[in-house]
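Participant: Sharing a structure with you now.
The values are calculated or read from the model by the stated rules, or taken from the named source; none is laboratory data. Note that the coordinates shown come from a computational prediction; the quantities given were computed from them, not determined experimentally. Cβ placement follows ideal geometry from the backbone for every residue including glycine, while neighbour counts extend to all protein chains displayed. Accessible surface areas use protein heavy atoms only, side chains included; no ligands, DNA or RNA. Shrake-Rupley method; radii C 1.70, N 1.55, O 1.52, S 1.80 Å.
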Amino acid sequence: MEDRKTVEIGDKVRRRETQRFITGTGTFVDDVRLPGSLYVAFVRSPYAHARIQGIEVQPALSLPGVRAALTGKDLAPHLTSVRGGPKPGIKIYPLAIDKVRHVGEPLAAVVAETRYQAEDAAEAVIVDFDPLPPVIDPEKAMEASSPRLFEELDGNIVYELHFSTPDIDKVFKQADHVVSARLSSHRFTACPIEPRAYCAQFDPVSGFLTFWGTTAGAHGLRTRLAQMLGVAESKVRVIAPDIGGSFGVKNSGYQEEVVTAFIALKLGTPVKWAETRIEHLRTARQGRDQIHDIQAAVKNDGTIVAIKDKILADLGCSYGVDNSITSSALYVPGVYQIQHYQVDAYGIATNKAVHGSLRGIGKADASFIIERMVDIIARDLSMNPIEIRRKNFIPPEAFPYRNVTGALYDSGRYDLCLTRALELANYEKEKEEKKRLKEKGVYRGIGAVLVMEPTSSSRLYTTGGYATCRVRIEPSGTVSIFSSMGDQGQGHGTCLSQIVASRIGFPLDKIYEIRGDTLVTPFGFGTGSSRSSIVLMNAALVAANKLRQRLLKIASRNLRIPYDRLTIENGKILDRDNPNKSVELRDIVRMAYGAIYLVPEDEEPGLEVTGYFINPNIDYVADEMGRMNTFSAYPYAAIVAVVEVDIETGFIKIVKYCTVHDCGTVINPQIVETQHYGSVVQGIGGAMYEQILYDEEGQLLTSSLMDYKLPTAEEVPDIQLGHLVTPSPFTPLGAKGAGETGMLGPPPALASAIEDALSDFGVEVRSTPYTPEKILALIREAKKRGEVGQASGDRRKAPQTRRVQGA
């Protein structure tokens, strides 16, 4: 396949980016070494909640190599704007001025000739704090008596979303069963292999500020710097070189960005800051951490008629309200035909690090909640959970399907996808194996779920609903692709090159991608929400088709053959009816640049085109009922997980993890597969190992990789992956996005399998993560419930309406 002169969409092309990474020749921000660079270190709050009474920087300035030190009050007068807080009128400064709201918040910066000197000097800065009572529990934070994070507000509820269909209470009254549960997800972070880093250089002669940053959105960062520093945006260049993973954590703005840039402007010398792992765990965006009090109205046959949900989302210090609440609230109905729904969601400020994007933001919570609820319903009604899913799935003929909150699902074959996953896992054989092992005292369980990942979000003024791709065939015969989006390891360069090559017939080794540099790339919004497959790749296809058309028109004029009879093969444009009539592509390129009289009069000279693609079916404003569609595609995956639980230690072994994924058209199978494998592993980490923990004083208990556990190769099971291809009807490529679905599956699938393994005890799994300590506690609680039931002699049938509680 690699020997072909060109490639097609769908070919399994090796990632072109891999070579430089495995040979150590990639260029990351910390690799940028500018002559005379100074280094920044930040003074950070040791308190979760405190007033700043005073800051003394003189002790730091007296140390060797220290060139400057500044506080929030030093910086504020030079800023033309600052970030808005959770409500209008609240200002959040890059360095805290009057108050700190989480451990690790920056309040001063020290600049020195070496990194070690800067860090030593930061420790010498003296800060006078007046500690305040921390607010850690979101439910307590909602109480009127709770200390407020923002005095400008009446309380700590910083965001609310309410939605309801008519007559919801009537629907519940008419239901045969009402099943209730409290379900929750825990807090963790993305933890990419490369923490954040920034490097800034200011040229006083040209007035140009060049800024290297670990960011998923170079153009957005450029706009933020220009606005806050009062610099013309045309005088700011942001470069995002190789990025060692993001998973959402590098999508948003951070305080350190503008501080680093300001110091470079003020001192007129290059400045760099690179985050430590401890700083990353303390200050980088954190995700999940929602509580759902949910009810389902169900018929005797297992049909889910309606859902009511109350969501409490812990947003940390809430320096900005992210999309996790809306994504969760609007998609709890999931892949099921539920047209009666009520949700009351509350975003709550607490003294934890800022909440933000984490792979599967909000969507992972929604999938976990609804899939857990289906299992709980099946258990309550003594029905097969797989059959309840099949009964409630949206059928293929219903697509495009408008869900209860207004989302427009593009396509889906959920029942078939689940069937394929069950076949991949040898489900019936696994059930027999479970029985056999039970006789030997081995607790094995099987769980099956189906999760959906809304992709390519678009929201007014925040995440753009389009992408741009400029393609140019250079006079020398190579091809340059200028992408409006960055790349954090997804392999965009390979996919873009593959799409362009398939349309203009150039070999891959002649095609080069340029991205992550605001000076040369078209404006664009950051990579996230798996939107690159939807908007960027289709923008590349639009551009490539334009370029193909221009090539064929020039050839048509010179060969005197009708345009629609021409095709591109093996470096030539030739007549389909008479292949001997042809012209070399390189000759067409020479004509386009150097012999423009040979170019058709209605065509521009040169071979440069720009393609745009706008996200389809997006609603930027909700209707009168609050319904809206903010995503343009809806990939999904069915998962079958098999686990064994050691009831003496609480340890869980994942015996088998099988998943069938439908991301629409697969542009490059190898990239899709590796993306999905990595996503699954990250989902396993989030379900079983990774956890951000705070004590009651707001001190971070998991501040290093000694405490924050990441899965290693030892913990990763054999992952079996299958594909189902149901293209989106709304985009030329039909791709739906493949970056996040894998992460959504492990929490509900493993919970289902664990419950099945421990069904003899009646264990109920209602929250993540599934640590050994939690599993042992659940077994003890289940045994205690069983002993209480036996002692009371209660053999009555369970009531039709009940409240299900769990850890």
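Participant: Quick test for you: out of 676, 723, pick the one residue that is touching a residue at least 24 places away in the same chain (Cβ under 8 Å) and buried (at least 20 other Cβ atoms within 10 Å of the Cβ). Reasoning before the result, please.
Facilitator: Values: 723 fails: buried (at least 20 other Cβ atoms within 10 Å of the Cβ).
Of 676, 723, the one residue that is touching a residue at least 24 places away in the same chain (Cβ under 8 Å) and buried (at least 20 other Cβ atoms within 10 Å of the Cβ) is 676.
Participant: Taking the condition open to solvent by 10 Å² or more (accessible area, probe 1.4 Å) and in contact with an Asp or Glu (Cβ under 8 Å, 6 or more places away or on another chain), does residue 222 pass? If you could, list the steps in order and put the result at the bottom.
Facilitator: Values: open to solvent by 10 Å² or more (accessible area, probe 1.4 Å): yes; in contact with an Asp or Glu (Cβ under 8 Å, 6 or more places away or on another chain): yes.
Answer is yes for this residue.
Participant: I'd like to verify a number: residues in the range 732-781 that are over 30 Å from residue 534 (Cα atoms) and either among the small types (Gly, Ala, Ser) or not assigned by TED's automatic domain parsing to the domain that holds residue 365 (or both), how many?
Facilitator: The total comes to 8.
Participant: Something else: Within the set of pairs 6+ apart or on separate chains, which have a first residue in the range 548-574 that is outside the structural domain of residue 592 (by TED's automatic domain parsing), a second that is crowded, with 16+ Cβ neighbours inside 10 Å and in a helix (DSSP H, G or I), and C-beta atoms under 9 Å apart?
Facilitator: If the second residue must be crowded, with 16+ Cβ neighbours inside 10 Å and in a helix (DSSP H, G or I), no pairs are left.
Participant: Continuing with this model, one more query. In the range 401-455, how many are in a loop (DSSP other than H, G, I, E, B) and without any contact (Cβ under 8 Å) to a residue 60 or more places away in the chain?
Facilitator: Keep residues of the range 401-455 that are in a loop (DSSP other than H, G, I, E, B), which gives 403-407, 410-413, 425-426, 439-442, 453-454.
Applying the additional criterion that residues be without any contact (Cβ under 8 Å) to a residue 60 or more places away in the chain yields 426, 439-441.
Residues meeting the conditions: 4.
Participant: Kindly indicate whether residue 231 is in contact (Cβ under 8 Å) with a residue 60 or more places away in the chain, open to solvent by 30 Å² or more (accessible area, probe 1.4 Å) and among the aliphatic types (A, V, I, L, M). Step through it out loud before you land on a result.
Facilitator: Numbers: in contact (Cβ under 8 Å) with a residue 60 or more places away in the chain: no; open to solvent by 30 Å² or more (accessible area, probe 1.4 Å): yes; among the aliphatic types (A, V, I, L, M): yes.
Here the answer is no, as residue 231 does not meet what is asked.
Participant: Turning to a different aspect of this structure: Of the residues that sit in the range 591-630 and are of a type in the set (A, V, I, L, M) and open to solvent by 90 Å² or more (accessible area, probe 1.4 Å), which one is farthest from the chain's Cα centre (by Cα)? Walk me through how you get there before you give the answer.
Facilitator: Going through the range 591-630, the residues of a type in the set (A, V, I, L, M) turn out to be 591-592, 595-596, 598-599, 607, 609, 614, 618, 621-622, 625, 628.
From what is left, the residues that are open to solvent by 90 Å² or more (accessible area, probe 1.4 Å) are 596, 614, 621.
Working: 596: 47, 614: 20, 621: 23 Å.
For the range 591-630, the residue satisfying everything is 596.
Participant: Now, a different point. Mind counting the residues in the range 507-566 that are in contact with a helix residue (DSSP H, G or I) (Cβ under 7 Å, 6 or more places away or on another chain) and of a type in the set (Val, Ile, Thr)?
Facilitator: Counting residues in the range 507-566 that are in contact with a helix residue (DSSP H, G or I) (Cβ under 7 Å, 6 or more places away or on another chain) and of a type in the set (Val, Ile, Thr) gives 3.
Participant: Touching a helix residue (DSSP H, G or I) at 6+ places or on another chain (Cβ under 8 Å), open to solvent by 10 Å² or more (accessible area, probe 1.4 Å) and more than 30 Å from residue 103 (Cβ to Cβ): which single residue out of 402, 413 fits that description? First the steps, then the outcome.
Facilitator: Values: 402 fails: touching a helix residue (DSSP H, G or I) at 6+ places or on another chain (Cβ under 8 Å).
Unique residue meeting the criteria: 413.
Participant: Right, something else. Six or more apart or on different chains, Cβ atoms under 6 Å: show the pairs whose first residue is in the range 291-302 and within 14 Å of residue 384 (Cα to Cα) and whose second is assigned to a loop (DSSP other than H, G, I, E, B).
Facilitator: 300/176; 302/383
Participant: Look at the range 682-703 and say how many of its residues are in contact with a Gly (Cβ under 8 Å, 6 or more places away or on another chain) and assigned to a helix (DSSP H, G or I).
Facilitator: Initially, the range 682-703 is screened for residues in contact with a Gly (Cβ under 8 Å, 6 or more places away or on another chain), giving 682-683, 700.
Checking which are assigned to a helix (DSSP H, G or I) leaves us with 682-683.
Summing the residues that are in contact with a Gly (Cβ under 8 Å, 6 or more places away or on another chain) and assigned to a helix (DSSP H, G or I) in the range 682-703 gives 2.
Participant: Shifting gears a bit: If you go through the range 10-29 one residue at a time, do you hit one that is loosely packed, with under 14 Cβ neighbours inside 10 Å, more than 30 Å from residue 136 (Cβ to Cβ) and either in the same structural domain as residue 544 (by TED's automatic domain parsing) or of a type in the set (A, V, I, L, M) (or both)?
Facilitator: yes
Participant: Conditions: (1) open to solvent by less than 10 Å² (accessible area, probe 1.4 Å); (2) part of a strand (DSSP E or B); (3) within 29 Å of residue 46 (Cα to Cα). Residue 209 meets all but one. Number of the miss?
Facilitator: (3)
Participant: Within the range 740-755, restricting attention to residues that are closer than 14 Å to residue 360 by Cα and open to solvent by 10 Å² or more (accessible area, probe 1.4 Å), which residue is modelled with the highest pLDDT?
Facilitator: So, considering only residues that are closer than 14 Å to residue 360 by Cα and open to solvent by 10 Å² or more (accessible area, probe 1.4 Å), the one modelled with the highest pLDDT is 747.
Participant: Given the conditions (1) on the phi < 0 side of the Ramachandran plot; (2) within 18 Å of the chain's Cα centre (by Cα), report the number of the one that residue 765 does not fulfil.
Facilitator: Unmet condition: (2).
Residues checked against (1) open to solvent by less than 90 Å² (accessible area, probe 1.4 Å); (2) of a type in the set (Ser, Thr, Tyr); (3) farther than 25 Å from residue 691 by Cβ; (4) at pLDDT 95 or above:
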residue: 757; (1), (2), (3), (4): yes, no, no, yes
residue: 790; (1), (2), (3), (4): no, no, yes, no
residue: 799; (1), (2), (3), (4): yes, no, yes, no
residue: 802; (1), (2), (3), (4): yes, no, yes, no
residue: 807; (1), (2), (3), (4): yes, no, no, no
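Participant: Would you mind stating whether residue 215 is among the β-branched types (Val, Ile, Thr), without any contact (Cβ under 8 Å) to a residue 40 or more places away in the chain and either open to solvent by less than 10 Å² (accessible area, probe 1.4 Å) or outside any loop (DSSP other than H, G, I, E, B) (or both)?
Facilitator: On the way: among the β-branched types (Val, Ile, Thr): yes; without any contact (Cβ under 8 Å) to a residue 40 or more places away in the chain: no; either open to solvent by less than 10 Å² (accessible area, probe 1.4 Å) or outside any loop (DSSP other than H, G, I, E, B) (or both): yes.
Against the criterion (among the β-branched types (Val, Ile, Thr), without any contact (Cβ under 8 Å) to a residue 40 or more places away in the chain and either open to solvent by less than 10 Å² (accessible area, probe 1.4 Å) or outside any loop (DSSP other than H, G, I, E, B) (or both)), residue 215 does not qualify.
Participant: A follow-up question, please. Only one of (1) within 30 Å of residue 217 (Cα to Cα); (2) in the same structural domain as residue 384 (by TED's automatic domain parsing); (3) more than 34 Å from the chain's Cα centre (by Cα); (4) among the charged types (D, E, K, R) is not met by residue 432, so which one is it?
Facilitator: Among (1) within 30 Å of residue 217 (Cα to Cα); (2) in the same structural domain as residue 384 (by TED's automatic domain parsing); (3) more than 34 Å from the chain's Cα centre (by Cα); (4) among the charged types (D, E, K, R), the lone unmet condition for residue 432 is (1).
Participant: For the range 542-557, which residues satisfy the criterion of being within 11 Å of residue 607 (Cα to Cα) and open to solvent by 10 Å² or more (accessible area, probe 1.4 Å)?
Facilitator: 546, 548, 549, 550
Participant: Which one is nearest to residue 479 (Cα to Cα), of the residues in the range 555-571 that are assigned to a helix (DSSP H, G or I) and out of contact with any Pro (no Cβ under 7 Å at 6 or more places or on another chain)? Full working, then the answer.
Facilitator: Just the residues of the range 555-571 that are assigned to a helix (DSSP H, G or I), to begin with: 555-559, 563-565.
Then keep just the ones that are out of contact with any Pro (no Cβ under 7 Å at 6 or more places or on another chain); that gives 555, 558-559, 563-565.
Working: 555: 18, 558: 23, 559: 24, 563: 23, 564: 24, 565: 25 Å.
Among those that are assigned to a helix (DSSP H, G or I) and out of contact with any Pro (no Cβ under 7 Å at 6 or more places or on another chain), it is 555.
Participant: What strands (runs of 3 or more DSSP E) lie completely within the range 572-676 and have 3 or more residues being β-branched (Val, Ile, Thr)?
Facilitator: Working: elements: 572-575, 582-584, 608-614, 631-633, 636-645, 652-662.
Of the strands (runs of 3 or more DSSP E) lying wholly inside the range 572-676, those with at least 3 residues that are β-branched (Val, Ile, Thr) span 608-614, 636-645, 652-662.
Participant: All but one of (1) touching a Phe, Trp or Tyr at 6+ places or on another chain (Cβ under 7 Å); (2) open to solvent by less than 20 Å² (accessible area, probe 1.4 Å) hold for residue 657, so report the exception by its number.
Facilitator: Residue 657 satisfies all of (1) touching a Phe, Trp or Tyr at 6+ places or on another chain (Cβ under 7 Å); (2) open to solvent by less than 20 Å² (accessible area, probe 1.4 Å) except (1).
Participant: Pairs under 6 Å by beta carbon, first residue assigned by TED's automatic domain parsing to the domain that holds residue 548 and polar (S, T, N, Q) in the range 504-522, partner buried (at least 21 other Cβ atoms within 10 Å of the Cβ) and part of a helix (DSSP H, G or I), six or more apart or different chains?
Facilitator: 518/218; 518/219; 518/222
Participant: Among the helices (runs of 4 or more DSSP H) contained in the range 1-75, which hold 1 or more residues that are under 30 Å from residue 96 (Cα atoms), without any contact (Cβ under 8 Å) to a residue 60 or more places away in the chain and not basic (Lys, Arg)? Write out each step before concluding.
Facilitator: On the way: elements: 18-22, 58-61, 72-75.
In the range 1-75, the matching helices (runs of 4 or more DSSP H) lie at 58-61, 72-75.
Participant: Pick from the range 187-200 the residues that are open to solvent by less than 10 Å² (accessible area, probe 1.4 Å) and over 26 Å from residue 141 (Cβ atoms): which of them is nearest to the chain's Cα centre (by Cα)?
Facilitator: 192
Participant: From 76, 48, 41, 69, which residue is under 28 Å from residue 224 (Cβ atoms), of a type in the set (A, V, I, L, M, F, W, C) and in contact with an Asp or Glu (Cβ under 6 Å, 6 or more places away or on another chain)? If you could, list the steps in order and put the result at the bottom.
Facilitator: On the way: 76 fails: in contact with an Asp or Glu (Cβ under 6 Å, 6 or more places away or on another chain); 48 fails: in contact with an Asp or Glu (Cβ under 6 Å, 6 or more places away or on another chain); 69 fails: in contact with an Asp or Glu (Cβ under 6 Å, 6 or more places away or on another chain).
Going through 76, 48, 41, 69 in turn, the sole match is 41.
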